[in-house]
Amino acid sequence: MTQKPPAYSVRGLGYRYGAHRHEPGRQGGWSLRHVSFDVQDGEILGLLGPNGSGKTSLLKLLGKIMQPETGTIALFGSDLTGMVQDVVARLVAFVPQEHQQIFPFSIMETVLMGRFPHRARGRLGTFGWEGESDLRMAQEAMKDMDVLHLADRSIHDVSSGERQRAIIARALAQHPRVLLMDEPTAFLDLNHQVEICRILRKLNDERGLAVVLVSHDLNMASQYCDRIMLMENGALFRIGTPDDVITPDALRAVYHCDVLVDRHPGSGLPRVTLPGRQRTGSCESRPMS
Amino acid sequence: MAHGTTINTAATANRASGFDIERSIVTHRRWLTVMVCLLCASAVVVIGSLRFGAESISYTDVVDIFLLWLRNGPARMESAEPNFMILMYVRLPRIILAFMVGACLATVGVGLQALLRNPLADPYVLGISSGAALGAALAMLIGAGTTIMAMSSLPLFAFIGGLLSIGIVYRIAVSYGHLPVHTLLLAGVVLNAVFSALIMFITSIMDPNRSFGMMSWLMGTLLAPDYPALGALAVYVGVGTTVLATQSTALNILTLGEESARSLGVEVERLKKMIFVIAALLTGAVVSVSGLIGFVGMVIPHAVRLFVGPDHRLLLPASALVGGMFLVIADALARTLLAPSEIPVGVVTALAGGPIFLYLLTRRKGGLAS
């Protein structure tokens, strides 16, 4: 155990949507209340919870995309609110849930945007021309995400899964120490879901990349995350290893529904299954071992 | 130079993976090619339009006068040759003015389209030009500028008017989170109506001799300015476009939306303020010298984007040059179509740009409804 600071140290975090934001049903309400936790350097942390439990808000606060109402966030030991945006962007990359782009940038141009926080501040750097290393890193990231062959295609002319992979490639091109991902596998085919999880693990092993990912996929989180944080209604419900958190009682308390939790045959980690149809009407928990 | 190696790597990548790097990003080579072509075209358009106007001067006359001028110097030319006076003190300054106004409007259009993430944004359509015009009209009313072409405090009032209307448009835009295009256009329509009413009110209480001048100014008229006035405008244009151009990459990223832009390290609030101020400054400067000239800021960036792509490093300067050329041609038409009388150039651009705008609006209806 070394004494290096955790990637994130979050204390008493609170956030509420401002009056000018149109968030149906939750205007002015607290979407996060008194959330405290650490993200260790080099761990993969999964954020789980029902819709509206504050996962995405939390992720955006971690990325300094939004400002917290109360509490503090320390990124590698220094206060996040005091950091300049591009310093944050050199340490943290964010993969949004949805990508909206009205102008037809190519995939290559999109991925190269990830090099922006690292841009040179010279004569040409002011105007933002990328150097050789920027192109190389962008191409590596595109190769990892299997979008290199789409480099010259417009972001409008590719499928939503390909677009998602390009956005992940953009985040990788940022060379961050922490990757924040909002539903990274939502639009992806099975093979690319597996591939992305594999690449995340690889980057985690090789570079010590820490990952915080929001997911609806309990099983993916259970298999690939070191720890899981379960959220309910803006508060932290439970945080710990998949074994501690993915339990029928915790899931019942948060999702208000009974599920089956057994063991994954390969990894031995918890596996969640929806109850079958054979019993009329009722959900029943039948833990198996 | 760094870009030499960039292109070499690009070529290697090209061979290795089978995609075309020239089509993937704006390389230095492509940037240079496009800009050199556009600069040559601009020179051709500017020189070519010298012969058009109420007084017919053939190209051979133009060349003769120029050669004579080179040989004799300007002092002796003025008395000797009436056409020289027309060329040097009426036509050339007006063409330069038209070029700068067109370049400004196109630049502002590019900036607003990136800021509002909307390819239909335009200073005229959104009511920013009429806000600036209202400011200028107020300045004329209180006598800050005795003549319409005065560069004194007119641009300042126009700048404030423009800033005010950008502020209103932007507030409307952000109050809906991510903005529906029709809301934005509607906001522009309402702003235009209100500002036009106020301008008409000001015109009605003005002394009739001056109100006629103001009406023709409002329709968008390029009058031959003197060279100091041109110089003042050139400073506005130069500073505004250069500052915006240094933010090209940040503008690219801003089109992803504010949240993504922030996560990629862009200081979004600072960039937005910068675009506000530059757009208001350029619109104010342009409106105070040439009145309301519409649609250049929307049509030109749109067309240029189709040919050079959306990267602002190329889109911005290319749009400026094409916008300049467009207005020089439009003004040449305005001078000659009904010669010896003139059509206001704003009428020409509106007649050309309006239908294009409608076409784009109907074509994009489905795609931009969300």
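Restricted to segment B:228-259, and to residues there that are in a helix (DSSP H, G or I) and in contact with a Phe, Trp or Tyr (Cβ under 9 Å, 6 or more places away or on another chain), the residue that is farthest from A:Asp86 (Cα to Cα) is B:Ala245.
Restricting to segment A:134-154, count the residues that are touching a residue at least 40 places away in the same chain (Cβ under 8 Å) and touching a Lys or Arg at 6+ places or on another chain (Cβ under 6 Å). Please lay out each step first, then the result.
Let us first name the residues in segment A:134-154 that are touching a residue at least 40 places away in the same chain (Cβ under 8 Å), namely A:144-147, A:150-154.
From the residues that got through so far, the ones that are touching a Lys or Arg at 6+ places or on another chain (Cβ under 6 Å) too are A:145, A:147, A:152.
The qualifying residues number 3.
When we screen B:Gly213, B:Gly257, B:Gly238, B:Gly284 for residues that are closer than 22 Å to B:Leu316 by Cβ and over 21 Å from the mean Cα position of the chain (by Cα), the only hit is B:Gly257. Search segment A:53-96 for residues being within 13 Å of chain B (Cβ to nearest Cβ) and part of a loop (DSSP other than H, G, I, E, B), and hand back the single one that is nearest to A:Met145 (Cα to Cα). The qualifying residue nearest to A:Met145 (Cα to Cα) is A:Pro96. Test B:Thr349 against the stated conditions and say whether it is among the polar types (S, T, N, Q), touching a Leu at 6+ places or on another chain (Cβ under 8 Å) and modelled with pLDDT of 85 or more. Considered against the rule, which asks whether it is among the polar types (S, T, N, Q), touching a Leu at 6+ places or on another chain (Cβ under 8 Å) and modelled with pLDDT of 85 or more, B:Thr349 comes out as yes. Of all residues assigned to segment B:247-258, none qualifies as being in contact (Cβ under 8 Å) with a residue 40 or more places away in the chain and within 20 Å of B:Ser130 (Cα to Cα).
Look at B:Gly257 and say whether it is closer than 30 Å to B:Ser211 by Cβ and at pLDDT below 90. Answer is no for this residue.
Check A:His149, A:His156 and return the single one that is more than 22 Å from the chain's Cα centre (by Cα) and more than 8 Å from chain B (Cβ to nearest Cβ). Steps first, please.
Numbers: A:His149 fails: more than 8 Å from chain B (Cβ to nearest Cβ).
None of the others qualify; the one that does is A:His156.
Taking (1) within 14 Å of another protein chain (Cβ to nearest Cβ); (2) surrounded by fewer than 20 Cβ atoms within 10 Å (Cβ to Cβ) in turn, B:Gly265 satisfies each apart from (2). Based on this model, can you work out whether B:Ala250 counts as surrounded by 15 or more Cβ atoms within 10 Å (Cβ to Cβ) and within 14 Å of chain A (Cβ to nearest Cβ)? The answer is yes for B:Ala250.
Taking segment A:204-219, which residues are over 19 Å from A:Ser53 (Cα atoms) and surrounded by 18 or more Cβ atoms within 10 Å (Cβ to Cβ)? Matches in segment A:204-219: A:Asn204, A:Leu209, A:Ala210, A:Val211. Within segment A:97-119, being of a type in the set (S, T, N, Q), free of Cβ contacts under 8 Å to residues at least 24 places away in the same chain and either more than 8 Å from every other protein chain (Cβ to nearest Cβ) or within 15 Å of A:Leu172 (Cα to Cα) (or both) holds for no residue.
Quick grid of which residues meet (1) surrounded by fewer than 23 Cβ atoms within 10 Å (Cβ to Cβ); (2) under 19 Å from A:Glu195 (Cα atoms); (3) of a type in the set (Phe, Trp, Tyr):
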{"residue": "A:Asp144", "(1), (2), (3)": "yes, yes, no"}
{"residue": "A:Ala151", "(1), (2), (3)": "no, no, no"}
{"residue": "A:Ser159", "(1), (2), (3)": "yes, yes, no"}
{"residue": "A:Glu162", "(1), (2), (3)": "yes, yes, no"}
{"residue": "A:Ile167", "(1), (2), (3)": "no, yes, no"}
{"residue": "A:Gln174", "(1), (2), (3)": "no, no, no"}
{"residue": "A:Leu179", "(1), (2), (3)": "no, yes, no"}
{"residue": "A:Glu183", "(1), (2), (3)": "yes, yes, no"}
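Checked against (1) at pLDDT 90 or above; (2) buried (at least 17 other Cβ atoms within 10 Å of the Cβ); (3) more than 8 Å from chain A (Cβ to nearest Cβ), B:Val243 meets all criteria but (2). Among the residues making up segment A:27-55, a single one is at pLDDT 90 or above and of a type in the set (Ser, Thr, Tyr): A:Ser36. Considering (1) part of a helix (DSSP H, G or I); (2) out of contact with any His (no Cβ under 7 Å at 6 or more places or on another chain), the lone condition that A:Gly161 does not fulfil carries the number (2). Would you be able to say whether some residue in segment A:225-246 is under 17 Å from A:Leu274 (Cβ atoms) and surrounded by fewer than 18 Cβ atoms within 10 Å (Cβ to Cβ)? No; the residues of segment A:225-246 include none that is under 17 Å from A:Leu274 (Cβ atoms) and surrounded by fewer than 18 Cβ atoms within 10 Å (Cβ to Cβ).
The values are calculated or read from the model by the stated rules, or taken from the named source; none is laboratory data. For clarity, every value in this text was computed on a predicted model and none was experimentally measured. Glycine also receives a Cβ, built like all others from the backbone with ideal geometry; neighbour counts cover every protein chain displayed.
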